[in-house]
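Engineer: Dropping a structure here in structure tokens format, bear with me for questions.
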Amino acid sequence: MLSLLHASIQFGGRILFEDLSFMVGPHGRIGLVGSNGAGKSTLLKIIAGLVTPDTGEVLKARYVTVGYLPQDGVTAQGRTLYDEVESAFEDILTVQDKLREAQDNLSRLDPSAAEYMETLDVFGELQHQLEDLDAFRMKSKIERVLLGLGFSMGDLERRTEEFSGGWQMRIELAKLLLKEPSILLLDEPTNHLDIESLQWLEEYLASYNGAVILVSHDRAFLDGLTKKTLALSIGKIEEYVGNYSFYEKERAFRRELLLNVYNNQQQQIKQTRQFIERFRYKATKARQVQSRIKQLEKMELIEIEDQEEEIHFEFPSPPPSGRVVVELKDLDKSYGDDMVFRGLTYSIERRDHIAIVGVNGAGKSTLARILAGVEPFNIGERVLGHNVVLSYFAQHQAEELDLSKDVLQTVDDVAAGEIRTKLRTLLGSFLFHGDDVFKKVSVLSGGEKSRLALVKMLLQPANFLVMDEPTNHLDMRSKTVLQEALHDYEGTYVIVSHDRAFLDPIVNKVAEVAHAGVKMYLGNVSDYLHRKKEERELEAAAHPAEAEASRSSFNHAERQLSDRERKRTEAERRQEIYRKTLPLRKKVEALEKEIEGLEAGKSRLEARMGDPALYRDGDEAKAMLIEYEEVKERLDEAYEEWLRTSERIADIQRGSLTE
């Protein structure tokens, strides 16, 4: 459906990636992974046509559409939420405008006039077009997506400028999903979602009738959705036929094999150089020396990505606290007329490891701030337990950093004990590499400041941690370091987060914030989601009439499409298209299998060509190079043939071809 061929790009003299090629199938579920700065977002922008590579090209059939969701920076304004999201159906809105115009003309024309009959024919044709475009389902589709992403029915008439940045990204995501492009490019779509919206999006994308390429640091989301992983590393791309967990295991295995080949090549290079130096000035060995020199010049050097040093971080030993760590009694909290908590009574005990969850706007961060003692409340009591030493992290903590200090000084001021000898390694685990540790805080980005504030908090002795979205700006490795440290932590903590893979191994309770209160669930987040599903099923069984009414209102527009004649016509049309495209689709399948075989053969040849032993036999090496060029040439031809055949299928499906 889409192919990237031999793409290369560089910025400021630094090669970001070089000679990248891969293919995206019609229903691909692809995770795009790599370290920060590897070029994942740039690659998505190239596929979306927003960035032009220095070399290479993106090939796609004419019918293929691409939709791109950036990480941030999207703002909608000037319309209601419903009107903004409705704009995704541009083709339907255009036909509706024409239909209204025809209707106005009919009201003014003489029914006996010829123009009236012509306009009536146009009116009928426009109605048929709306049926073909599924216009009657438009409202139900909009409501389904908006409700799934966490908006309420009351939000539909709110102005878009009233929504904050996170909700703005949800609006953009809703529009993108409703446009239903052939290929969805999603750059960190989970950053602004709560746990229920995240679960809905995963289920929606699993059944999406198109391809999805996804960049995310949410392991559970990647594992649940993707079937293939593309890994960007040192300017190259590797393909793994599996999800993120499969990629991690397979990557370690491949690295070990590559390391063996690398070591063999280095040994071969060493021996060759020793031979050259030893016999450089000996006339009887001149031809052999020149042969060795040429051999070195032609050798394709194997690159190994630097292995990041593993670090196991331990929190400073916390002083023991009393059994009750903090207690809230009959607490009311409101912002003006908006009541967040009423009569809240809630306590946290020693060694509780709690995840705070709930829909956005329910009051998760407000609860975290009240527990941390930084948020005032209207009435009630907050009682801190005996000998409790509290440490609090939230995104705004970054604002309290000393701008005059550098990164290393900031953490060195609070570190104590053996960890001081590993501060640079610890900072590297939180994405401060090399000379980054000497950057002044004043020049750091918002994300860098948040990570630094988190490291600073982790180094301070405390027996009660309150953390609000600590993983927002972390990569997989950073999250693993933090997760392992929390797993071994002997104190108490509460974490506001929607990252299931991060939370599941380290929490033993889930606090759901909803309906001006807090409800406690035992177990981890997966247990909580299972219990919520059971509660919904029990509620539906207890009130079948209400459940049926809800389903009926949601599907009302769909039931309007139950016209038998239209269904019969559509069935006949589908059968005709199926008959015409069957041989072409078989050809596409055969080409895709051939391409897969050629890609595998190309990879095997490249691996063989990376073995220094090959070049000891000049004839064998030459033959392999010829075979490699032939495989590459046939691969390009197969891609072109696949593209032409796919476009012909699309033409038939659009009805532009006849018998």
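The values are calculated or read from the model by the stated rules, or taken from the named source; none is laboratory data. Quick caveat, the model's predicted, so the values are computed rather than measured. Heads up, the Cβs are rebuilt from the backbone with ideal geometry, glycines too, and the neighbour counts pull from every protein chain shown.
Engineer: Inside region 217-252, can you point out the residues that are of a type in the set (Ser, Thr, Tyr) and crowded, with 21+ Cβ neighbours inside 10 Å?
Structural biologist: Hits for region 217-252 are Thr226, Thr229, Tyr244, Tyr247.
Engineer: Pairs needed: first member in region 595-612, over 21 Å from Tyr262 (Cα atoms); second member anywhere, at pLDDT below 80; C-beta distance under 7 Å; at least 6 residues apart or different chains.
Structural biologist: Pairs found: Ile595/Tyr639; Ile595/Trp642.
Engineer: Also, quick follow-up: Surrounded by 13 or more Cβ atoms within 10 Å (Cβ to Cβ), at negative phi, touching a helix residue (DSSP H, G or I) at 6+ places or on another chain (Cβ under 7 Å) and modelled with pLDDT under 80: is that true of Met624 in this structure?
Structural biologist: no
Engineer: When you check Pro470 against the structure, is it under 20 Å from Pro316 (Cβ atoms) and not basic (Lys, Arg), yes or no?
Structural biologist: So Pro470 fits the description; yes.
Engineer: Right, here's the next one. I'd like the residue in region 73-86 that is surrounded by 14 or more Cβ atoms within 10 Å (Cβ to Cβ) and in a loop (DSSP other than H, G, I, E, B) and, out of all such residues, is nearest to the chain's Cα centre (by Cα).
Structural biologist: Val74
Engineer: Within region 334-345, which residues are more than 35 Å from the chain's Cα centre (by Cα) and part of a strand (DSSP E or B)? Even if it seems obvious, please write down each step before you answer.
Structural biologist: Start the filter on region 334-345 by keeping residues that are more than 35 Å from the chain's Cα centre (by Cα), which leaves 336-337, 342-345.
Across region 334-345, the qualifying residues are Arg342, Gly343, Leu344, Thr345.
Engineer: Which residues, taken from region 225-241, are in a loop (DSSP other than H, G, I, E, B) and of a type outside the set (Val, Ile, Thr)?
Structural biologist: Lys227, Gly235 - these are the residues of region 225-241 that are in a loop (DSSP other than H, G, I, E, B) and of a type outside the set (Val, Ile, Thr).
Engineer: What is the number of the single condition among (1) in contact with a strand residue (DSSP E or B) (Cβ under 6 Å, 6 or more places away or on another chain); (2) surrounded by fewer than 16 Cβ atoms within 10 Å (Cβ to Cβ); (3) among the charged types (D, E, K, R) that Asp338 does not meet?
Structural biologist: With respect to (1) in contact with a strand residue (DSSP E or B) (Cβ under 6 Å, 6 or more places away or on another chain); (2) surrounded by fewer than 16 Cβ atoms within 10 Å (Cβ to Cβ); (3) among the charged types (D, E, K, R), Asp338 is out only on (1).
Engineer: Looking only at region 437-476, count every residue that is hydroxyl-bearing (Ser, Thr, Tyr) and at pLDDT 85 or above and tell me the total.
Structural biologist: Qualifying residue count for the region: 2.
Engineer: Same structure again: Could you list all residues from region 162-206 that are among the acidic types (Asp, Glu), part of a helix (DSSP H, G or I) and either without any contact (Cβ under 8 Å) to a residue 40 or more places away in the chain or more than 14 Å from Gly73 (Cα to Cα) (or both)?
Structural biologist: Residues of region 162-206 among the acidic types (Asp, Glu): 162, 172, 180, 187-188, 194, 196, 202-203.
Next, from what is left, pick out any that are part of a helix (DSSP H, G or I): 162, 172, 196, 202-203.
Correct list: Glu162, Glu196, Glu202, Glu203.
Engineer: Applying the selection to region 177-197, what residues are aliphatic (A, V, I, L, M) and either touching an Asp or Glu at 6+ places or on another chain (Cβ under 7 Å) or crowded, with 20+ Cβ neighbours inside 10 Å (or both)?
Structural biologist: If we filter region 177-197 for residues that are aliphatic (A, V, I, L, M), which is where we start, we get 177-178, 183-186, 193, 195.
Hits for region 177-197 are Leu177, Ile183, Leu184, Leu185, Leu186, Leu193, Ile195.
Engineer: Can you pull out every residue in region 505-535 that is surrounded by 13 or more Cβ atoms within 10 Å (Cβ to Cβ), part of a loop (DSSP other than H, G, I, E, B) and out of contact with any Phe, Trp or Tyr (no Cβ under 6 Å at 6 or more places or on another chain)?
Structural biologist: Ile506, Val507, Asn508, Gly523, Asn524
Engineer: Hey, could you check region 317-335 for residues that are under 18 Å from Ala368 (Cα atoms) and either hydroxyl-bearing (Ser, Thr, Tyr) or touching a helix residue (DSSP H, G or I) at 6+ places or on another chain (Cβ under 8 Å) (or both) and say which is surrounded by the fewest Cβ atoms within 10 Å (Cβ to Cβ)?
Structural biologist: The residue in question is Tyr335.
Engineer: May I ask you to list pairs of residues, at least six apart or on different chains, whose Cβ atoms are under 7 Å apart, with the first in region 78-98 being closer than 21 Å to Gly150 by Cα and the second being small (Gly, Ala, Ser) and not in a loop (DSSP other than H, G, I, E, B)?
Structural biologist: Close Cβ pairs satisfying both conditions: Val85/Ala174.
Engineer: Pick out the one residue from Val466, Val455 that is surrounded by 22 or more Cβ atoms within 10 Å (Cβ to Cβ) and in a helix (DSSP H, G or I). Give the steps one after another, and end with the answer.
Structural biologist: Working: Val466 fails: in a helix (DSSP H, G or I).
Of the residues listed, the single one that is surrounded by 22 or more Cβ atoms within 10 Å (Cβ to Cβ) and in a helix (DSSP H, G or I) is Val455.
Engineer: Something else now. Could you tell me whether Ile495 is surrounded by fewer than 20 Cβ atoms within 10 Å (Cβ to Cβ), farther than 20 Å from Glu418 by Cα and in contact with a Leu (Cβ under 8 Å, 6 or more places away or on another chain)? Can you show your working first?
Structural biologist: Working: surrounded by fewer than 20 Cβ atoms within 10 Å (Cβ to Cβ): no; farther than 20 Å from Glu418 by Cα: yes; in contact with a Leu (Cβ under 8 Å, 6 or more places away or on another chain): yes.
No; evaluated as a whole, the condition is false for this residue.
Here is a yes/no grid of residues against (1) in contact with a strand residue (DSSP E or B) (Cβ under 8 Å, 6 or more places away or on another chain); (2) of a type in the set (D, E, K, R); (3) closer than 19 Å to Val525 by Cα:
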| site | (1), (2), (3) |
| --- | --- |
| Gly361 | no, no, no |
| Lys364 | yes, yes, yes |
| Leu371 | yes, no, no |
| Gly380 | yes, no, no |
| Gly385 | yes, no, no |
